[in-house]
Amino acid sequence: MVDVAEVIWGLATSHVPSIGAAMDRGKTEAPHWKDLFDGYAPARAWLAEHRPDVAIVVYNDHANGLDLDIVPTFGIGTADRYDVADEGYGPRQVPDVVGHPDLSLHLLESLVDEGFDLTVFQELEVDHGLTVPLSVWTPDPGDAWPCPVVPILVNVIQYPQPTAARCYALGQALGRAIAGYPEDITVGILGTGGMSHQLAGARAGFINPEFDRMWLEKIQTDPAALAGLSREELIRQAGSEGIELIMWLIMRGAMHDEVARIHSHYFVPASNTAAGVALFDNRQGAPA
Ligand code: DHB
Ligand code: FE
């Protein structure tokens, strides 16, 4: 047995708010939703068999938990719980999120030592960017999500967003930080957001399936190539909100070079967004 923390899986998933609303309102069998939710089933089944001790959720706030006048490039929550934000229609009726302050503080210190100066959130309300991915993982959480969560926040909403390369490097530092946590615990890591979409402006409704398919493939096989895309190229190819995909690179950077694909699925459109899910097993030599 290892006596340090180990990343056992990585889950990349869109966080489109209407996916959460469809679940909350019992609409997942409706004709225009069924294919999307059917596409989650194999990932959910595998994840239910592989519950980690802690989950790290790399996500972005959408001006719900934070004001737009202070938007840190990278941040980390260190709280022992995070309330679900009210995004205008009352908070989603899902459990509040239990934190893991000890792991948060360890990751913070390790990442600062590596030159990633994360902003610290001792208090934080979490929006659809975090709760929808938890619902994609666990549709029926009951009174509590499957495990405590460490939120890592990324600015993807205000120019200039961090580069894809910087996100990938942060992920690699995160992987080392996790491997330096001196407790024998398992960790799942979620990279959230995307896929291609643009919510406003002349290209509102923009979706690029060819780019998304390429991204879904290379996030497993060649993340360094994705990390080489400039911010402007990402926005051109994936839309102004499609740049959320840089958060997948933080997840991927924290994993081994070789990972096994358990499942992936692509669906267009969820709201105005191309929705993707991809699940990877990070255990070396482990049978799926
Ligand atoms: C939508 C997508 C997002 O990523 C988001 O944060 C809000 C809305 C949408 O497609 O409706
Ligand atoms: Fe978003």
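The values are calculated or read from the model by the stated rules, or taken from the named source; none is laboratory data. What you are looking at is a predicted structure, and each value in this text was computed from that prediction instead of being measured. Here the Cβ positions follow ideal geometry from the backbone for every residue, glycine too, while neighbour counts run over all protein chains shown. Just so you know, the surface numbers come from the protein's heavy atoms only, side chains and all, with ligands and any DNA or RNA stripped out. Shrake-Rupley method; radii C 1.70, N 1.55, O 1.52, S 1.80 Å.
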The whole-number value in µm²/s of the Stokes-Einstein translational diffusion coefficient for region 65-185, with Rh from the Kirkwood sum over alpha carbon pairs at 10 °C and 1.306 mPa s, is 103 µm²/s
Rounded to whole Å², per residue accessible area for the chain with a 1.4 Å probe reads 42 Å²
The chain, Gaussian network, Cα under 10 Å: of ASP257, ASP127, ASP53, the residue fluctuating most is ASP257
With -39,500 (n - 2.57) per DSSP H segment of 4 or more residues and division by the full residue count of the chain, the 222 nm estimate, nearest 500 deg cm²/dmol, is -10500 deg cm²/dmol
So the carbon and sulfur contribution to the accessible area of region 6-281, 1.4 Å probe, in percent, is 49 percent
Distance in Å, no decimals, from the C-alpha centre of region 159-180 to the one of region 14-39 is 31 Å
Which residues qualify? For ILE185, with a placed amide H closer than 5 Å and at least 5 residues away or on another chain, they are ALA5, GLU6
HN-Hα couplings for region 183-199 via Karplus (6.51, -1.76, 1.60; θ = phi - 60°), in whole Hz with x for Gly/Pro, come out as 9, 7, 10, 9, 10, x, 10, 10, x, 10, x, x, 7, 4, 5, 9, 8
If each part is reduced to its alpha-carbon centroid, region 47-112 and region 222-288 end up apart, in Å, by 20 Å
Residues whose built amide H sits under 5 Å from the amide H of LEU124, excluding neighbours closer than 5 in sequence, are ASP83
Computed for the chain: size of charge dipole around the Cα centre, +1 on C-beta of each Lys and Arg, -1 on C-beta of each Asp and Glu, debye to nearest 20, value 960 debye
Here region 64-76 yields Karplus 3J(HN,Hα) values (6.51, -1.76, 1.60; θ = phi - 60°; whole Hz; Gly and Pro given as x) of 9, x, 10, 7, 5, 7, 9, 10, x, 5, 9, x, 9
Dividing the alpha-carbon radius of gyration of region 227-271 by 2.2 N^0.38 Å, where N counts its residues, gives 1.37
Computed D for region 1-89, Stokes-Einstein, Kirkwood radius over alpha-carbon pairs, 37 °C, 0.692 mPa s, to the nearest µm² per second, is 200 µm²/s
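Over 15 Å apart: what share of the alpha carbon pairs of region 99-168 falls there, rounded to a whole percent?
For region 99-168, the share of Cα pairs beyond 15 Å comes to 65 percent.
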hull vol. (C-alpha, convex hull) per residue for the chain, Å³ -> 121 Å³
Scalar couplings 3J(HN,Hα) for region 90-100 by Karplus 6.51 cos²θ - 1.76 cosθ + 1.60 (θ = phi - 60°), nearest whole Hz, x for Gly and Pro, are x, x, 4, 7, 10, x, 5, 9, 7, x, 9
